[in-house]
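Please treat every number below as a calculation from the coordinates, not as lab data. As the structure is a prediction and not an experimental result, all values here were calculated from the model. With ideal geometry, Cβ positions are generated from the backbone for all residues, glycine too; neighbour counts draw on all protein chains shown.
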Amino acid sequence: MKSLTSGQGLVDSEQGVRSVPVFALACALLGALAAPLSLNAQQSKPWEQIPVPKLHDFKPQQPKRIVLKNGIILFLQEDHELPFVSGSVLIPGGSRDEDAAKTGLVGMYGEAWRTSGTAKMGGDALDDLLEAKAAHIETGGGDDSTSLSWDSLKGDADQVFTLALDLLLHPDFKAEKLGLAQQQVATGIVRRNDDEGGIAGRESTKLVYGANSPYTRQPELATIGAVTVDDLKAWHDRTIGGKLIVSVSGDFDSVPMEAKLRAAFEGLPPVKALPARHDVFSDPKQSVYFIDKEDVNQSNVEIVGLGTDRHNPDVPTLAIMDEILGGGFASRLFQKVRTELGLAYAVSGGLSFDYDHPATFRVTVLTKSASTVDATKAAMGEIQGLTSKPFTAEELARAKDNILNSFLFRYDTKDKVLAERVRLEFYGYPADYLETYKAGLEKVTLEDLTAAAKKYIHSDKMAVLVVGNGPEIKPGLDELGLGPAQTIDITIPMPSRPAGAPGQAEKKP
Amino acid sequence: MRSRTFPWFSRGLLGLTLAALAIAGARAQDLKSFEQRITTKVLPNGLTIVICERPEAPVFSYSTFIDAGDVNDPSGQSGLAHMFEHLAFKGTSEIGTTDYAAEKVALAKVEAANDAYEAEYLKAVGRDDKKVAELKQAFLDAQKDAHKYVVPNQFTDVAERNGAEGLNAFTALDETVYFWSMPENRLELWAWLESGRLSDTVPREFYKERDVVVEERRMRTDSNPIGRLVEQFLATAYVAHNYGRSGVGWPSEVSQISATEALAFHKKYYAGSNIVVAVVGDVKAAEAMPMLEKYFSKIPAGPKPEEMTTIEPKQFAEKTVVIREQTQPFFLEGYHRPDYRDPDDAVYDAIGDIMSNGRVSRLYRSLVEQQQIAAVAQGFSPFPGDKYPGLFAFYAVPLPGHTPAEMRDAIHKEIDRIKTADVTDDELQMYKTRTRADLLRGLADNQGLANNLAQYQTRYGDWRELFKQLDKVDKVSKADIRRVANKVFVASNRTTAEIDTDAPAGNSTKSGGAQ
């Protein structure tokens, strides 16, 4: 018997991730509006009589942090519950740092690195060996970093670590494995317009950052076809000397583990930082954009603007404001668009925060074609309401309860504590960031909220994107009062010679 | 619910036993240690509570497992179990209302108004459209009146304000599952909320929520090429059993479900004997059990609902579904197989693992790596459910320029191989090792463990089967694999579904009428 694969549910928990080309499907979220609760009129509240005892004492176990003299950072987190050991090496530099003409390079690097293997052991042989032990070594490429990770039963940990280290330091990139990765990415590219939510997420993000921004540009058949094995090697050479963060967790004794990691990493040259980025961000223009998709009966509406980063001291206030706008069942968006109007299953949004660059402001609504305008107006009304409809003490208290009472789920496992520490280290935040952040949340006042809404919520700096079935959208988008809708062309560019293995992909899909 | 990609994209593995533990000097991970940490009690109303003590952090997760899903929807009411699941978040007579006595009267009027409106609307002969409009208005007015007493989303609000994390539920064909995690000092509050919503469900805002569910259908099925394909695939593969019916509901049926029907479903399927509640985390059974017993005893007793009598007749005609549209090609096929109680259940798992799990799997190596015709190729089972005989399915995502027909031929070649020659010793051993390790890996997660304990307690009447299954895994032989493959993978037992890409009618980015 297999574990539960689920059916449809109450809320869709899959956020609209960008990329995940082939199968990323629907996305949705939560939303919110406080139809102010008529609490005064309520009958008795039996749940308030239920005692809430003091929480059991809990001090999350922090990992041991070691700085090697070459600048490499080690984290060790012992966890003896299960007989496994896992680890990862995080390497600065990701797709935002790749050559625009070779967009897709880092993603394919992350794939071909592992599938190529090393001179000592090719990728296929590595697969056979690891799978027989139910162990894993994987590599991957992201926006701002690449990584290598491993895990295995305790008894295999030494051997698997040795293999992982060999792959880290002596990769042997192979043309055939790059070719496989190119085919995978090409498949994602030609399929990317099949998925309505994927289109909406991708194109709305472009409206915020610009179509050619390092944060939004898309791999195309031409750009992935331009990537060579030498490019993969050059990328590896360029990034492997960076400030690596090595983290290990599981069923081991820290003393010998530290010795082993020192032996492996202490001899590497002093780390060199990547050059600082100087990205420029500007707000989108207020306008309506439209993408026609004839095989759907539901519109994906995205209302987007520029967000902020976590260095911003207003982040705790903005997090509370987010919770009020779109953070849960009682949030203004959810209450209005889903509960009160019944116009959407998926509605959610708010201002989000990245660690080292501004994230987006984003509100997403999925609604049947005919109610596109009504649902968009309702969502825009709630966004504008942040500056015009006073926050109530009840809303503030609820948002604080929601966030603070579930705060311990950010560190309720040793792996979560470790992951948070690695994240903070990577982005250069203090190790006690979560505590500072929590203290900041506790201090937020109604005045703070009002000021933050005024400072950050400008509907004239938000773009509206609708992906949907044009003929079914009645009334039309001009009813939004934001001028005529501008059509976005999402035609997938087909180069004369398609990427991927020669001879395999020549037929046009 | 939680992430719902198509089932075959999520690498769900419940894994089976525990013998693994022998591997590594068991601590928290063998059956014996779970025997010491798990307390089970069947209440007088038939409801089973399973508590697993895992005090790693001051939190707990729970899973309420209802042994009923959309497969149990009565004829003409597809989508009903799922609709009820949404209703279970709308509160009770004690929460979510300003005045339940008055609300109850108003809700009865809503139901009467809906009945009158539907009766006229559905008249086959002599429908009076003016009357339909009036009755519709009366129905809307009645809803408006009932809404006056509603404190919207108060049930979920109280849960979230008290730290509920990952609050959600899902309805599958076989079961309905409710779950979240909370700080341990809210255990009693949770018990009050959960036992209340299971026993004292009020049809609050039902018709508005029905609109929400129809939007969910548009998202998952109508507006999604693979969602559309899978619905047609199952409807074709099954001629009699409800596994062939849309789980979210056919549009004409789910849009007509009434609150009365939802409450009738509740009465029949939410009896104590049909429910298992599992709690995992920083909970002491000796203290918690009496408290939980007090709350969960509120749930009405009732007979275990009768089992379904429909058995899918043996398929004798190969069937094919072809969707021609302007989306990228896709290939899917399925073969009928027995349910999870079949003695060969683990053999099916072994075939799925050897064919599909990881870069060493046969389908990956053949279609992706060697022939280079597919981006993904896998087999998995059972689908769409395990309680009744499901399908062993295979699918492949063609690379650009390759066709569903090539996927079919290449998959059939691999199926022929597994029918005509034994798998290797290494392959078989790999399946057994990975199954053990996957089971182990799942034990360190409160929510996953709660779901598994509740599921196994329901399906086998004993959570220990989660661990004991490994015995069956260990017994799988090469001969078993060949025997089962030859029995099941035959053309007359097959249904195929594919998307063939139509040439675009014109410019693919025509400007539509939305301007």
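The table below lists the values:
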read-out	value
Hull volume in cubic angstrom per residue (convex hull over the Cα atoms of the range B:98-149)	45
Relative contact order [Cα under 8 Å, 6+ residues apart], the range A:281-487, whole percent	41
All Cα pairs of chain A, percent lying beyond 31 Å	53
B:ASP425-A:GLU442 pseudo-label distance in nm [points 7 Å out on the Cα-to-Cβ vector]	6.3
The range B:293-431 - Rg over Rh from alpha carbon coordinates, Kirkwood radius	1.11
Degrees between helix A:105-116 axis and first principal axis of chain A (Cα, 0 to 90, nearest 10)	40
Nitroxide proxy distance, nm - points 7 Å out along Cα→Cβ at B:THR309 and B:ASP409	4.8
Signed unit charges on C-beta, dipole axis of the range A:281-487, positive-most listed residue A:THR360, A:GLY326, A:PHE426	A:GLY326
Sum of side-chain charges, B:GLU261 neighbourhood, beta-carbon under 13 Å (Lys, Arg +1; Asp, Glu -1)	-2
Kirkwood hydrodynamic radius of the protein assembly as shown, from inverse mean 1/r over distinct Cα pairs, in Å	29.9
C-alpha long axis of helix A:393-405 to longest principal axis of chain A, angle in °	20
Under 10 Å, Cβ to Cβ, from A:SER88 - net charge with Lys/Arg +1 and Asp/Glu -1	-2
For A:LEU90, A:LEU55, order by how many other beta-carbon atoms lie within 10 Å, fewest first	A:LEU55, A:LEU90
Order by protection proxy (mean Cβ within 10 Å, highest first), peptides B:63-76, A:329-342	A:329-342, B:63-76
Alpha-carbon centroids, the range B:64-104 and the range B:299-314: separation in whole Å	19
Pairwise FRET efficiency - B:SER297 versus A:GLN49, Cβ, R0 = 25 Å, nearest 0.05	0.85
Alpha carbon centroid spacing (whole Å) that separates the range A:155-175 from the range A:43-80	32
Beta bridges per DSSP with both ends in chain A, % antiparallel, nearest 5	75
Contact order normalised by residue count of the range A:69-265, Cα under 8 Å, 6+ apart, percent	40
Nearest-ten-degree value, helix A:254-265 long axis tilted from longest Cα axis of chain A	70
Kirkwood Rh and Cα Rg combined as Rg/Rh, the range A:69-265	1.01
P(r), alpha carbons of chain B - 10 Å bins starting at zero, rounded %	4, 17, 25, 25, 18, 9, 2, 0
Peptide-level mean, for B:389-399, of C-beta atoms on other protein chains within 10 Å	2
Taking the range B:319-501 and dividing mean pair separation by its residue count, relative contact order in percent (alpha carbons under 8 Å, at least six apart)	38
In nm, spacing of pseudo-spin labels at A:LYS455 and A:GLU258 (7 Å Cα→C-beta vector)	4.2
Cβ neighbours within 10 Å from other chains - mean over B:201-208	1
Relative packing of B:360-367, A:47-54, B:289-296, which averages over residues the other C-beta atoms within 10 Å, highest first	B:360-367, B:289-296, A:47-54
Shielding score for A:398-406, defined as the mean number of other chain Cβ atoms within 10 Å	5
Among the listed pairs B:LYS314/B:LYS419; A:LYS389/B:LYS109; A:LYS285/A:LYS336; A:LYS45/A:LYS400, those beyond 28 Å (Cα-Cα)	A:LYS389/B:LYS109
